[in-house]
Amino acid sequence: MGESVKDRLAAVKKSIEECAKACKRDKEVKLICVSKTKPSEMIMEAYESGERDFGENYVQELCAKAEELPKDIIWHMIGPLQKNKVRKVVKYAEYIHAVDSVELAAFIDKEAERIGKVQKIMLELNMAGEESKHGFKPEEVIDAVKEIAPLKNIKLTGLMCIPPLAVSADDNRVYFRQIKSLEKKINDMGICDSELTELSMGMSEDYKCAIEEGASYIRIGTAIFGARDYSKK
């Protein structure tokens, strides 16, 4: 791939389009450019190439970039969110992906109500039960949806997962299939006012498998922006 953001982005998008077309899903897969730790100049290079969906992991960074960059950017909060930072994120984020507790959802609902907004969220699932990761266990998510669905200032749009670090991208296929199955189960039960339509899964290393198994949002950072220097976040 080329060295510039523009070249890397073009290569990634071509790969996504080819994979999605092969799965007959070419109208269903959306790219989130994960811009955490990256400067605004790099984001603008992707923006000027036509991208509008950007993902951030850190609250302070998301807020600062949202203030500085074009207002038609759709911001996705994809990292863990503490309850004491909900107010800042709800102001800027179109989607909050990593909602990992009913309590956090209630905090988001309260803040969204305060500013007259319906906040789009996804529930994070810890598919492999990893102690180092946040998220609902698969067996917990149905009950969580039943509690969260009635909240008036939240729109539950789907599910999100970050699978274990794998030797092979194909190793994560089982988790992608499981989360797709859970989405179907929730929709078949009719718990929510509207069906869940979003599956946020797949990153630079495994997005092709995620697309094949039903991802609607894939989150790609390194393949677009290059390796990260976390000392500069």
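Summary table below
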{"read-out": "Answer from Leu156, Leu196 - the residue that is modelled with pLDDT of 95 or more, surrounded by 23 or more Cβ atoms within 10 Å (Cβ to Cβ) and not β-branched (Val, Ile, Thr)", "value": "Leu156"}
{"read-out": "The lone exception for Ile108 - which of (1) under 24 Å from Ala210 (Cβ atoms); (2) surrounded by 23 or more Cβ atoms within 10 Å (Cβ to Cβ) it fails", "value": "(1)"}
{"read-out": "Top-ranked residue in the range 29-75 [being part of a strand (DSSP E or B) and of a type in the set (D, E, K, R); ranked as farthest from Lys14 (Cα to Cα)]", "value": "Glu56"}
{"read-out": "Out of Met189, Met127, Met203, Met160, sole residue that is of a type outside the set (D, E, K, R) and more than 19 Å from the chain's Cα centre (by Cα)", "value": "Met189"}
{"read-out": "Condition broken by Lys184, with the remaining ones in (1) buried (at least 22 other Cβ atoms within 10 Å of the Cβ); (2) charged (D, E, K, R); (3) more than 24 Å from Glu131 (Cα to Cα) satisfied", "value": "(1)"}
{"read-out": "Pick from the range 76-92, criterion out of contact with any helix residue (DSSP H, G or I) (no Cβ under 7 Å at 6 or more places or on another chain) and assigned to a loop (DSSP other than H, G, I, E, B), ranking: surrounded by the most Cβ atoms within 10 Å (Cβ to Cβ)", "value": "Ile78"}
{"read-out": "Verdict on Tyr217 being buried (at least 23 other Cβ atoms within 10 Å of the Cβ) and modelled with pLDDT under 95", "value": "no"}
{"read-out": "Any chance Tyr217 is in contact with a strand residue (DSSP E or B) (Cβ under 7 Å, 6 or more places away or on another chain) and in contact (Cβ under 8 Å) with a residue 60 or more places away in the chain", "value": "yes"}
{"read-out": "Qualifying residue in the range 194-215 (condition: out of contact with any Gly (no Cβ under 6 Å at 6 or more places or on another chain) and over 29 Å from Ala46 (Cβ atoms))", "value": "yes"}
{"read-out": "The range 163-193, residues that are among the small types (Gly, Ala, Ser), assigned to a loop (DSSP other than H, G, I, E, B) and at pLDDT 90 or above", "value": "Gly190"}
{"read-out": "Options Ala20, Ala46, Ala10, Ala66: the member that is buried (at least 19 other Cβ atoms within 10 Å of the Cβ), out of contact with any strand residue (DSSP E or B) (no Cβ under 8 Å at 6 or more places or on another chain) and not basic (Lys, Arg)", "value": "Ala20"}
{"read-out": "Test: Tyr58 is closer than 30 Å to Arg114 by Cβ and without any contact (Cβ under 8 Å) to a residue 60 or more places away in the chain", "value": "no"}
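The values are calculated or read from the model by the stated rules, or taken from the named source; none is laboratory data. This structure is a prediction, so every number in the text was calculated from the model and none was measured. Note: ideal-geometry Cβ built from the backbone for every residue, glycine included; neighbour counts use all protein chains shown.
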